[in-house]
Amino acid sequence: MNSSDLPRFDTVDLIRAKRDGQVLTDAQIDWWIRAYTSGHIADEQMAALAMAIFFRGLEPRELRRWTAAMIGTGERLDFSGLGWPTADKHSTGGVGDKITLPLAPLVAACGVAVPQLSGRGLGHTGGTLDKLESIPGWQASLTNERMREILRDVGAVICAAGSGLAPADKKLYALRDVTGTVESIPLIASSIMSKKIAEGTGALVLDVKVGSGAFMKTADQAAELARTMVGLGTDAGVRTTALLTDMATPLGRTAGNALEVRESAEVLAGGGPADVVELTLALAREMLAGAGRGDVDPADVLASGKAMDVWRAMITAQHGDPDAPLPLARHTEVVRADSSGYAASLDALSVGLAAWRLGAGRARKEDPVQAGAGVEWHVRPGEAVRRGDPVFTLHTDTPDRFEPALADLADALVIAAEPPAIGPVVLDRIG
Ligand code: URA
């Protein structure tokens with residue numbers, strides 16, 4: 001059905017209705033989303049409605065319908081005949097969040113296929129595709145047929161979401177980005193879940209980040225977003241749970257594309273930073289339970305080396321060379337501690353901004369990223385540090401970027417006389 005077959009409503013009446021706090025009907029929502037996607041509603045009218053939703057919210061019924069209408073604008077993938085149960089993970093985005101890289105092959109090595117449709121990064125949080133594209137030869141774009149073949153043969157695939165999934169969201173997200181309407185729980189939840197439901201996964205685990213480096217700065221906001229998304233997934237027949245995880249501190253010890261691939265490979269080889277391993281295993285357990293394989297212990301599978309085998313096969317299937325040296329930035333600069341004590345805190349947002357300024361991220365979606373750029377931090381909260389020890393190494397191809405990145409990092413690391421109490425990475429579970 002195209003938008004002209006749907007009952008017609010007056011665009012301005014609907015904007016006024018939501019502005020004044022009224023609840024939209026199913027027919028109004030269906031019409032709106034179709035008419036916007038097909039270009040019959042102007043961007044400024046969609047922007048006005050998005051702002052009205054930002055302030056007035058959507059009732060649970062409206063939100064379900066809004067999400068279903070966005071899914072209905074595109075294709076829906078179906079992996080039911082694959083011969084493997086399927087599970088996916090979505091993270092709301094954080095600094096140093098490379099978890100998808102070890103997680104997808106690990107879960108596949110446990111017997112559950114992972115169809116990961118990912119995006120590129122915008123702003124201070126990195127994108128999974130940007131990270132993988134630092135592997136020489138690796139290609140993000142696949143046809144649906146090739147994605148299905150890799151999933152069947154290897155068990156895990158991480159690739160670019162094509163334009164066929166929820167095209168309404170693609171258009172709306174770009175508009176929200178420039179109209180101050182990103183930070184709305186119903187708009188974020190429907191945006192993420194329309195794509196994840198259309199992707200056709202059987203089970204889904206949401207990693208909802210909380211803290212300075214995340215969209216959601218407080219645990220209450222994050223819990224509300226998590227509950228909203230879990231509700232949408234469950235209503236759509238996807239077994240959905242969420243973990244609320246800490247993003248006050250960046251994950252691991254690196255932020256930047258090739259730097260994070262290197263760290264992920266260390267995890268797959270049985271090493272890597274403890275917090276990255278802890279979160280990878282926690283999310284793997286959720287995915288396996290959702291897919292009916294809760295009897296498999298991912299820690300054993302990780303230790304067996306099977307996840308590394310899947311990683312290598314997964315990279316090779318997309319023309320990447322898992323043995324090729326990863327790109328290095330042309331210039332580095334080391335920052336040293338100006339006092340002795342214990343690292344008390346390391347601010348995720350400051351580190352994310354520094355990595356972004358060094359060239360690891362982009363300001364506009366057309367911008368290129370530098371594969372080798374980013375930040376390494378040599379101390380994590382709780383670790384002892386002596387005056388003069390290296391605390392950060394900055395990497396970039398363009399040395400004029402050191403100065404702004406150093407400014408971001410100036411207050412990022414707090415050194416105190418006493419060791420701080422270290423909290424867990426996983427703060428809560430919803431679902
Ligand atoms: N990621 C999305 O896909 N959509 C949002 O609205 C926010 C983050």
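The values are calculated or read from the model by the stated rules, or taken from the named source; none is laboratory data. Note that the structure is a prediction, hence the values are computed from the model and not measured. Cβ atoms come from the backbone with ideal geometry, glycine included; neighbour counts cover every protein chain shown. To get the accessible areas, we keep the full protein, side chains included, count just its heavy atoms, and leave off ligands, DNA and RNA. Shrake-Rupley method; radii C 1.70, N 1.55, O 1.52, S 1.80 Å.
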Worksheet item: Just the accessible area per residue of the chain, please: how many Å² with a 1.4 Å probe?
Response: 41 Å²
Discussion item. I need two numbers for segment 3-57: Rg to one decimal and Dmax as a whole number, Cα atoms only, in Å.
Written reply: 10.4, 31
Worksheet item: Binning every alpha carbon pair distance of segment 277-370 at 10 Å from zero, what are the percents per bin?
Response: 11, 22, 29, 30, 7, 0
Worksheet, complete the sentence: If unit charges are put on Cβ atoms (+1 for Lys and Arg, -1 for Asp and Glu) and the dipole of the chain is taken about its Cα centre, the option from Leu302, Val107, Val182 lying farthest towards the positive end turns out to be Val182
Item to complete: Pick out which of Phe402, Phe55, Phe392 has the largest mean-square fluctuation in a Gaussian network model of the chain, springs linking Cα atoms closer than 10 Å.
Response: Phe55
Discussion item. Run lengths n ≥ 4 of DSSP H only: what is the helix-derived mean residue ellipticity at 222 nm for the chain, with -39500 (n - 2.57) per run over all residues, to the nearest 500?
Written reply: -12500 deg cm²/dmol
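Rank these residues by their accessible area, most exposed first, probe 1.4 Å: Ser264, Ser350, Ser340. Display every interim value, and only then the final one.
Values: Ser264 0, Ser350 25, Ser340 70 Å².
Result, largest first: Ser340, Ser350, Ser264.
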Worksheet, complete the sentence: Once the dipole of the chain is set up from charges on Cβ (+1 Lys and Arg, -1 Asp and Glu), the residue from the list Gly81, Ser118, Ala344 lying farthest towards its positive end is Gly81
Item to complete: Would you mind computing, in nm to one decimal, how far apart the modelled labels at Ser304 and Asp10 are, each placed 7 Å from Cα along Cα→Cβ?
Response: 6.6 nm
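So which GluC sites (Glu not before Pro) in segment 332-431 pass both tests, a DSSP loop state and at most 16 other Cβ atoms within 10 Å of the Cβ?
Working: sites: Glu333, Glu366, Glu376, Glu383; in loops: Glu366, Glu383.
The qualifying sites are Glu366, Glu383.
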Worksheet entry | Calculated diffusion of the chain, Stokes-Einstein form, Kirkwood radius summed over Cα pairs, 10 °C and 1.306 mPa s, µm²/s | 71 µm²/s
Practice prompt. Have a look at Val157, Thr228, Thr398 and report the one farthest towards the positive end of the charge dipole of the chain, computed about the Cα centre with Cβ charges (Lys/Arg +1, Asp/Glu -1).
Written response: Thr228
Fill in: Point-to-point label distance, Thr179-Asp153, nm (Cα→Cβ direction, 7 Å offset)
4.4 nm
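Report in % the part of the accessible area of segment 149-305 that belongs to carbon and sulfur, leaving out ligands and nucleic acids; probe 1.4 Å. Working shown, then result.
Working: 2630 of 4940 Å².
That share works out to 53 percent.
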Item to complete: Please work out how much accessible surface Arg312 shows to a 1.4 Å probe, ignoring ligands, DNA and RNA, in Å² rounded to 10.
Response: 90 Å²
Fill in: Partners for Lys170 among lysines (Cα-Cα distance below 25 Å; same-chain residues under 8 apart left out)
Lys18, Lys89, Lys98, Lys131, Lys195, Lys196, Lys209, Lys217, Lys365
